[in-house]
Amino acid sequence: MKTVICPGSFNPVTLGHINLFERCSRLFDEVVVVVMHNAEKIYQVSAEQRVEWIKRSVTHLQNVRVEAYGGLLVDFARQCGAQLLIKGMRDTRDLITETQMYYANREASGGTVDTLFLPTDERYSYLSSSIVRDVASYGGNISSFVPRDILEEVAKTYFVKRPLR
Ligand code: PNS
């Protein structure tokens, strides 16, 4: 059985992420989506909340499960019996950061964990969680960015009341 890991911050999960999970679900036997901590980021939403949003968005994918993990990605992969990480690739900026993480994970796992880059569907190549947070913070329309089932909650969560000037 081929188990693969889709790791990320998912702050919040976007339609681009969901598209990647759907493709992985078709390609592999089991897909584990894991919400993790990126040392370069600060999260205003708990990992549990981010997991819950993803779970509500992947109920149509029977072979996808969602977890949170606070440690090293390669340790999580080992616990799952997985040797393959899947990352979406939007552009050359992603290529640079993801290639660095690929080498780090390969080294940290003693060469046992590999990474596969899947090009992001062109409909979502511009989309990022930070764009969702930014638009939502002003009360803008994020309906083409995040799954319908979590839309209202995500919009409310990231909305920021700002003084007029
Ligand atoms: O969505 P992101 O923030 O680009 O995902 C990056 C993430 C969370 C997958 C990465 O930071 C990570 O793997 N964090 C867990 C800790 C770890 O294993 N770090 C070393 C790998 S570079």
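Can you send over the carbon and sulfur percentage of the accessible area for region 3-126, probe radius 1.4 Å, protein chains only?
Ligands and nucleic acids excluded, carbon and sulfur reach 52 percent.
If R₀ is 22 angstrom, what is the calculated FRET efficiency for the pair R56 and V135, using the beta carbon separation as r and rounding to 0.05?
0.60
Could you tell me which of rounded, prolate or oblate describes region 54-165, using a ≥ b ≥ c as the square roots of the eigenvalues of the alpha-carbon gyration tensor, with rounded for a/c under 1.5 and, failing that, prolate when a/b is larger than b/c and oblate otherwise?
It is prolate, given that a/c is not under 1.5 and a/b is the larger ratio.
Taking a cut-off of 29 Å between Cα atoms, list the lysines near K2, but don't count ones fewer than 8 places away on the same chain.
Within the straight-line limit of under 29 Å, K2 reaches these lysines: K55, K87.
For the residue pair T112 and M89, what label-to-label distance in nm results when each label sits 7 Å from Cα along the Cα-to-beta-carbon direction?
Label at T112, label at M89, 2.6 nm between them.
Starting from the Cα gyration tensor of region 3-126, take the square roots of the eigenvalues, sort them a ≥ b ≥ c, and report rounded, prolate or oblate (rounded when a/c is under 1.5, otherwise prolate if a/b is larger than b/c, else oblate).
Note, shape of region 3-126 comes out rounded.
Return a whole-number percent for the relative contact order of the chain, with Cα pairs under 8 Å and 6 or more residues apart as the contact set.
Relative contact order of the chain: 27 percent.
Mind checking region 87-163 for GluC sites (Glu not before Pro) that DSSP puts in a loop (not H, G, I, E or B) and that have at most 13 other Cβ atoms within 10 Å?
Those that pass, being in a loop and sparsely packed, number zero.
If I stretch the segment between L151 and H37 completely, what's the gain in nm (0.36 nm per residue apart, minus their alpha carbon distance), one decimal?
Full extension from L151 to H37 adds 38.7 nm.
Work from the charge dipole of the chain (Cβ charges, +1 for Lys and Arg, -1 for Asp and Glu, about the Cα centre) and give the residue of I96, T3, W53 farthest towards its positive end.
The residue sitting most towards the positive pole is W53.
For region 3-70, what class follows from the C-alpha gyration tensor (a ≥ b ≥ c being the square roots of its eigenvalues): rounded when a/c is under 1.5, otherwise prolate if a/b is larger than b/c, else oblate?
prolate
What is the distance in Å between the Cα centroid of region 120-146 and that of region 64-90?
Cα centres, region 120-146 to region 64-90: 24 Å.
The values are calculated or read from the model by the stated rules, or taken from the named source; none is laboratory data. Here the structure is a predicted model, which is why all the values come from computation and not from measurement. Glycine gets a Cβ as well: all are built from the backbone with ideal geometry, and neighbour counts include every protein chain shown. When the accessible area is computed, the model is the full protein with side chains, heavy atoms only, and any ligands, DNA or RNA have been set aside. Shrake-Rupley method; radii C 1.70, N 1.55, O 1.52, S 1.80 Å.
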